[in-house]
Amino acid sequence: MAKFLFVYYGGKMAATPEEGAKSMKAWTDWFTKLGKAVVVPGEPTMPGKMVDKKGIKDGFVGVQPVGGYSVIEAKDIKAAAELAKGSPLIADGGSVAVYATMMMDMPKK
């Protein structure tokens, strides 16, 4: 099985505690349905910094900031994308980018 990074974009923030509880339940239900495919459930992300040769600045790459991430295990990228289709974020108008990860051997200290 390969690992895939799900990067979450868009969607909407809950306006009330009740909406927040409903959203949390939808995410919990989805992760429960994914079962052992979930390697790292991940977390929402906050505004960040962009670092390049010119220095450090507020910002992000792309059309909108990253809203969160997860690491999922699947047979291949097509299967991972099928799993991503069930994300509650999609029902809220957001999107999920699916990236294959590559295992690297790191030198040991």
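Just so it is clear, none of the values below were taken in a lab; they were calculated from the coordinates. Predicted model only: the values in this text are computed from it and were never measured. FYI the Cβ positions are ideal-geometry reconstructions off the backbone, even for glycines, and counts take in every protein chain you see.
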message: From the mean inverse distance of alpha carbon pairs (Kirkwood) and the Cα radius of gyration, derive Rg over Rh for the chain.
response: 1.02
- request: Using packing as a proxy for protection, rank 41-50, 6-15, 67-76 so that the peptide with the highest average count of other Cβ atoms within 10 Å comes first.
  value: 67-76, 6-15, 41-50
Distance violations [Cα-Cα > 19 Å] among Lys33/Lys85; Lys12/Lys36; Lys36/Lys75; Lys3/Lys25; Lys12/Lys33; Lys53/Lys108: Lys12/Lys36; Lys3/Lys25; Lys12/Lys33; Lys53/Lys108
query: Given the Cα-Cα distance of Gln64 and Lys108 and 0.36 nm per residue of separation, how much length would full extension add, in nm?
result: 12.1 nm
field: Length-normalised contact order of the stretch 2-100 in % [C-alpha pairs under 8 Å, at least 6 apart]
entry: 50
